[in-house]
Amino acid sequence: MSTTETTPAKAIAQTNSLVAKLWNYCNVLRDNGLSTIEYVEQLSYLLFLKMADELAADPFAEEAAAPIVPPALDWKSLATKRGEELEVHYRTVLTELGRHPGTTLGTVFAKAQNRITEPALLEKLVVELIGKTDWVLEGTDLKGDAYEGLLAKGAEDTKTGAGQYFTPRPLIDAMVQVMQPGPKDRITDPACGTAGFLIAAHSYIRERHLKGLSREQRLALGQGTIWGNELVPGTARLAAMNMLLHGIGEAGGESLITTSDALASAPSRRASLVLANPPFGKKSAITVVGTDGKTDREDITYDRTDFRATTTNKQLNFLQHIMSLLEMDGRAAVVLPDNVLFEGGAGEKIRRRLLQEFNLHTILRLPTGIFYAGGVKANVLFFDKKPPRADDAPNTSEVWVYDFRTGMHFTLKQRPLRLADLADFIEAYKADDRSARKETEDGRFKRFTYGELIARDKVNLDVTWLKDPALDDADSLLPPEVIAQEIVEDLQAALAEFEAIAEALGGEVKPDIAAEEVIAEA
């Protein structure tokens, strides 16, 4: 049944059923030593081969195309084998298909390895789980949502660190709703993780503009006007497969996900819209050389003449990169940690530039407990790139700050973030006419002038004014599990800052230490 013939309720039921089916098999493979993300990775290889086989056999295709996968390495070559013969051939398939750089095929199979060591389990996955479902005919909503559901479950596995590549979907949807991407936009994410922002932007455009698009515009929407970059090949593979399952890109075409260090060089193409959540964590071990000429003594350097400030802070460098990535009158919504708002030195220089050359019109202060990566205190910065003004006046005249942190308490399991929680922010943002903004009655949305902000010590944009009611009202005390989780978040945030300081001073840091371990040892 096609997507158009499926009612919303039935589509949700089908998606949930498919996720449950895939997830149940993941539990079996976990007993065989696979993590959730490793399972999704193996699933990606097989889904790609099965979909390529279905596309090649499509009787309604306009013309016969060259096979995406060579016959000796395709789905049929796998599905006809059993036992150890299947496992040996599967390894060969993964090795050979990774030798196609620049294509979706090459991105999905880059450095691919078989981690299913039990031939019987691999056979069950090929014959029963993947082989008995028509993935192309199921429709993009079903197969895409099912795959994304698995990625979300994989992000919950804190031991693998997969959560750092996954932004909560309610936050993504809220950011996309206020940015209102359109069919003429060129949209990118320079640190795309599993491509959540790109897929949400594509979905937004399809839902609101598809009927008015020409055939050429529809093709462009899925074949190049939306693209991303990811540093880690394994995560880039998940992003490419996620986009493909959502109808973005072509299995045999040019890859819409590049695998590289986004900070290594100036962007080769500009975007009208950047949506991003650059990686949190420790300072970069690689130095950036900016136009100020400063550098540290490191073996590897980034020589970026488009950067105005030298810093080893990854988040500040990503902010500078996104500034360069935007075309004139382009706009950005970027998740960045608190230190970007208050760090001195290069941080102050970058904030001054942001206020002067860009229109930083909105900051959304995010609560803790919404990210899978622990210890994250973050904000969303919304800004537009503007040409210099004739009178040399700053492009930012006022910044509206929405405090979604004070008095807001979320956990990943007991009280996860929902899109409804961000409804008041979306309403206050006034995406259709920002000049109609007003300070809200609850005091969460407040206006600050350029003069007020530039006068603050080091141009500190980490502005607070609300007080948590739980501090004064004993009746509003939080449940113990929420209090405990917030203590863990605070400890993790403190550890991250101390690690950064230790690295900056040349000290050694114990890797992957978690706040929970500190609590246990205490």
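Values quoted throughout were computed directly from the atomic coordinates according to the rules given, and no laboratory measurement underlies them. Note that the structure is a prediction, hence the values are computed from the model and not measured. A quick note on method: Cβ atoms are made from the backbone with ideal geometry, for glycine too, and the neighbour counts reach across all protein chains shown.
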Which far-off residues, 5 or more places away or on another chain, put their amide H under 5 Å from the one on L360, with H placed in the peptide plane?
D384, T396
Share of Cα-Cα pairs in segment 165-219 lying beyond 12 Å, as whole percent
65
Counting pairs of Cα atoms in segment 242-282, how many percent are more than 16 Å apart?
57
A correct Karplus calculation of ³J(HN,Hα) over segment 180-193, with 6.51 cos²θ - 1.76 cosθ + 1.60, θ = phi - 60°, whole Hz and x for Gly and Pro, returns 6, x, x, x, 8, 6, 10, 10, 9, 9, x, 9, 6, x
Quick one: Karplus J couplings for segment 95-112, per residue in order, coefficients 6.51, -1.76, 1.60, θ = phi - 60°, nearest Hz, x for Gly and Pro?
5, 6, 6, x, 9, 9, x, x, 10, 4, 4, x, 5, 5, 9, 4, 6, 5
Length-normalised contact order of segment 310-450, Cα under 8 Å, at least 6 apart, in percent, tallies to 24
Amide H to amide H, which residues 5 or more places from F404 or on other chains are under 5 Å from it, using H placed in the peptide plane?
R365
Between A420 and V88, what length in nm is gained on full extension when 0.36 nm per residue of separation is reduced by their alpha carbon distance?
114.6 nm
About its Cα centre, what dipole magnitude does segment 344-450 give when the only charges are +1 on Lys and Arg Cβ and -1 on Asp and Glu Cβ, stated in debye to the nearest 20?
400
Under a point-charge model restricted to the Cβ atoms of Lys and Arg (+1) and Asp and Glu (-1), what is the dipole moment magnitude of segment 299-339 relative to its Cα centre, in debye to the nearest 20?
80
Which ³J(HN,Hα) values in Hz, rounded to whole numbers, follow from the phi angles of segment 254-264 under the Karplus curve 6.51 cos²θ - 1.76 cosθ + 1.60, where θ = phi - 60° and Gly and Pro get x?
5, 5, 8, 10, 8, 10, 6, 7, 4, 7, 5
DSSP bridge pairs, segment 355-402: antiparallel proportion in percent, nearest 5
70
Quick check: convex hull of the Cα atoms in segment 317-475, volume per residue, rounded to a whole Å³?
144
List the residues, sorted by chain then number, that are 5 or more residues from Y302 or on another chain and whose placed amide H is less than 5 Å from its amide H.
T287, V288, V289
When DSSP beta bridges are limited to those with both residues in segment 340-426, what percentage is antiparallel, rounded to the nearest 5?
65
Working out 0.36 nm times the residue gap between N32 and D306, then minus their Cα-Cα distance, what length gain in nm do you get to one decimal?
93.8 nm
